[in-house]
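Just below is one structure, and these are the notes that go with it.
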Protein chains: 2
Amino acid sequence: MRFDHAGVATDDAEGLAFLYEDLFGCEIAHEERFQELKVIFLELENGYFELLEPQDDGTIARYLKRHGSGLHHIALETDDIEAALETAADVDVELIDEEPRRGAWGHDVAFLHPGSTGGMLIEFVEH
Amino acid sequence: MRFDHAGVATDDAEGLAFLYEDLFGCEIAHEERFQELKVIFLELENGYFELLEPQDDGTIARYLKRHGSGLHHIALETDDIEAALETAADVDVELIDEEPRRGAWGHDVAFLHPGSTGGMLIEFVEH
């Protein structure tokens, strides 16, 4: 698998994007409104930051209230997300999404429960 | 800059390494005792997970007590860590390390304060 992106929960995606452009020399690759979120992808040489700003109530808004802004998840890219989910189930990892669903940027995504991955929220993504 | 690794604080680096090997199809690339930590690097196609298990008191032990296991930091690789730190200072990012220091695996590293990067602990690393 390949590192795809680090998801960052923030209450100011544009402000953070401006900072990261300067700080990391990256550029905005994609922006969209996805469900209740403003989402900005910033492109590194081998992956992305995904900045997630809630425009309404939802999981990221709740996350921000509870934890404040910061790292939310790590996404790993796979060529076969269904096989990746089968492997996860085989090793007794609890799946948040038992089937892939359509995520931001039109990618197929599925999340694993952090309680069974050492406390880290992991997303599988297939482009 | 390039994604280098995601640092994960854990109280069982070996157990988590076994799980990630199965779950992500990655392999152990490096292990060492670094300061008060057991450190295991697991290799993805384009980067690493760095598993950090405290063997004694220190920042990771305190992090685990406060937050439990999970994502601790994101490391970005640069060819010129001193220039990266100058850029960070120029855009008013607070530096934890004003000069690079020797980190795990013999790499030069420097951390930025999460309070000025949107709540995310960032490490610059030069191999």
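The values are calculated or read from the model by the stated rules, or taken from the named source; none is laboratory data. Here the structure is a predicted model, which means the values were calculated and not measured. Glycine gets a Cβ as well: all are built from the backbone with ideal geometry, and neighbour counts include every protein chain shown. These area figures cover heavy atoms from the full protein model, side chains too; ligands, DNA and RNA do not enter into them. Shrake-Rupley method; radii C 1.70, N 1.55, O 1.52, S 1.80 Å.
Below, the figures for the structure above:
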{"item": "Filtered residues of region B:88-106 (kept if more than 10 Å from chain A (Cβ to nearest Cβ) and assigned to a loop (DSSP other than H, G, I, E, B))", "result": "B:Glu94, B:Ile96, B:Asp97, B:Glu98, B:Glu99, B:Pro100, B:Gly103"}
{"item": "Residue that is nearest to the other protein chains (Cβ to nearest Cβ), among those in region B:2-30 that are surrounded by fewer than 20 Cβ atoms within 10 Å (Cβ to Cβ) and either among the polar types (S, T, N, Q) or touching a residue at least 60 places away in the same chain (Cβ under 8 Å) (or both)", "result": "B:Arg2"}
{"item": "Qualifying positions in region A:81-106 - touching a Ser or Thr at 6+ places or on another chain (Cβ under 6 Å) and either open to solvent by 90 Å² or more (accessible area, probe 1.4 Å) or of a type outside the set (A, V, I, L, M) (or both)", "result": "A:Glu94"}
{"item": "Filtered residues of region B:42-51 (kept if open to solvent by less than 50 Å² (accessible area, probe 1.4 Å) and part of a strand (DSSP E or B))", "result": "B:Leu42, B:Leu44, B:Gly47, B:Tyr48, B:Phe49, B:Glu50, B:Leu51"}
{"item": "Any hit, region B:107-117, residues being part of a loop (DSSP other than H, G, I, E, B), surrounded by 21 or more Cβ atoms within 10 Å (Cβ to Cβ), at pLDDT 95 or above and within 11 Å of another protein chain (Cβ to nearest Cβ)", "result": "yes"}
{"item": "Scope region B:1-30; condition in a loop (DSSP other than H, G, I, E, B) and among the small types (Gly, Ala, Ser); matching residues", "result": "B:Gly25"}
{"item": "Candidates A:Leu44, A:Leu71, A:Leu85, filtered to the one that is under 21 Å from A:Val125 (Cα atoms), touching a Lys or Arg at 6+ places or on another chain (Cβ under 8 Å) and either facing another protein chain (nearest Cβ under 10 Å) or not hydroxyl-bearing (Ser, Thr, Tyr) (or both)", "result": "A:Leu44"}
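Yes/no matrix, rows are residues, columns are (1) part of a helix (DSSP H, G or I); (2) open to solvent by 40 Å² or more (accessible area, probe 1.4 Å); (3) within 18 Å of B:Ala110 (Cα to Cα):
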| residue | (1), (2), (3) |
| --- | --- |
| B:Glu32 | no, yes, no |
| B:Ile40 | no, no, no |
| B:Glu53 | no, no, no |
| B:Ile60 | yes, no, yes |
| B:His72 | no, no, yes |
| B:Leu76 | no, no, yes |
| B:Asp79 | no, yes, yes |
